[in-house]
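Notes follow once the structure below has been shown.
The values are calculated or read from the model by the stated rules, or taken from the named source; none is laboratory data. Keep in mind it's a predicted model, so treat the numbers as computed, not measured. Heads up, the Cβs are rebuilt from the backbone with ideal geometry, glycines too, and the neighbour counts pull from every protein chain shown.
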Ligand code: SAM
Ligand code: SF4
């Protein structure tokens, strides 16, 4: 799949549910209205859709959400998708999780062929953890991380950088991650969906985080690229890697290799744009995949050049009205 700007689309992110057992303040409002269950694709349908993308050249697949591990029977889908690793059609099957359910799924994930996962963790303080996630239990996430490492999964921690919240904790989080052989990536807040919080109050530019870190650590840019908005540095003092995801800058759109599928079969060609393609109708219209392939091809011709994110005091409304939990991180 090649879009009109010559970019090869080889990475599919799938939000398998918009539901979650946390309510992170930058991600969701406390009282969320979720999609009616009847609008969801079944796991069999999600498997068919993902397999169609793999047939069209997707080499990397990430399951996300909402919280992917709260979807009932999700391991069925993960096992089915794992078969594409065995045939060599897929290079990587991975997921982004809040870690709350990881302890009971870790071994099975490894058994299905998952080798690396991203775990979101914004603080090491259990009370602050409860405040930012509204509902989360820090000890469960720690158990999950331990179980995942024991099962052989490599972990990358993702932390959203939040002004006056974890700003001064980042050096500790860096040491925590690197001492345990995990990578750490910091993310800038993105204006996606109403959360009941003022985003201009939460926004912390990573350029500031980086210059603060440079007072304590030696950061060296490294060439590692994932086709996404992350830039990486190595940290001499810890021997580990730190990533910076700055979605509000445009410096990554030129190399964007991904599209995003929701649990209702809507394909978003860009996280920061409203334009989307419905794949549920062609999926359900016939048992063979011809219509589906046609709809995917048509969607790829509409992949936009870049996003339109803006957070500033004149633009108080979110740039994109859907929540991150709909399209996935
Ligand atoms: N529930 C899973 C989790 O938290 O890892 C997967 C879905 S969550 C939407 C994926 C990632 O998006 C998380 O790392 C989360 O911190 C991040 N995220 C959510 N809302 C965001 C926002 N408005 N700006 C930046 N990152 C956000
Ligand atoms: Fe749930 Fe992840 Fe959003 Fe937090 S960031 S509310 S864990 S989907």
key: Where a residue in the stretch 193-206 is in contact (Cβ under 8 Å) with a residue 60 or more places away in the chain and its partner, wherever it lies, is part of a helix (DSSP H, G or I) and surrounded by 14 or more Cβ atoms within 10 Å (Cβ to Cβ), with Cβ under 8 Å and at least six apart   = 193/324; 193/325; 193/326
query = Which residue pairs have Cβ atoms under 9 Å apart, sit 6 or more places apart or on different chains, and have a first residue in the stretch 138-164 that is at positive phi and a second that is surrounded by fewer than 17 Cβ atoms within 10 Å (Cβ to Cβ) and at pLDDT 95 or above?
reply = 152/107; 152/110; 152/115
inquiry  = Would you confirm, using the coordinates I've provided, whether residue 196 is surrounded by fewer than 17 Cβ atoms within 10 Å (Cβ to Cβ) and under 25 Å from residue 322 (Cα atoms)?
reply    = yes
remark   = Wholly inside the stretch 51-135, helices (runs of 4 or more DSSP H) that include 3 or more residues that are away from ligand 2 (no atom under 16 Å from the Cβ) are 74-87, 102-111
query = So which of 116, 71 ends up being out of contact with any helix residue (DSSP H, G or I) (no Cβ under 9 Å at 6 or more places or on another chain) and either under 17 Å from residue 14 (Cβ atoms) or in contact (Cβ under 8 Å) with a residue 12 or more places away in the chain (or both)?
reply = 116
note = Note on residue 190: of the conditions (1) modelled with pLDDT of 95 or more; (2) part of a loop (DSSP other than H, G, I, E, B), unmet is (1)
key: Some residue of the stretch 14-22 being over 20 Å from the mean Cα position of the chain (by Cα) and within 22 Å of residue 226 (Cβ to Cβ)   = no
task = May I ask you to verify whether residue 116 is more than 13 Å from ligand 1 (Cβ to nearest atom) and either at positive phi or in contact with a strand residue (DSSP E or B) (Cβ under 6 Å, 6 or more places away or on another chain) (or both)?
result = yes
key: Subset tally (residues that are at pLDDT below 95, out of contact with any helix residue (DSSP H, G or I) (no Cβ under 7 Å at 6 or more places or on another chain) and crowded, with 16+ Cβ neighbours inside 10 Å) for the stretch 8-33   = 1
key: Failed condition for residue 168, given (1) outside any helix (DSSP H, G or I); (2) in contact (Cβ under 8 Å) with a residue 40 or more places away in the chain   = (2)
query = Which one of the conditions (1) without any contact (Cβ under 8 Å) to a residue 60 or more places away in the chain; (2) within 16 Å of ligand 2 (Cβ to nearest atom) does residue 28 fail to meet, given that it meets all the rest?
reply = (1)
key: Among the candidates 41, 77, 85, residue that is surrounded by 15 or more Cβ atoms within 10 Å (Cβ to Cβ) and within 16 Å of ligand 1 (Cβ to nearest atom)   = 77
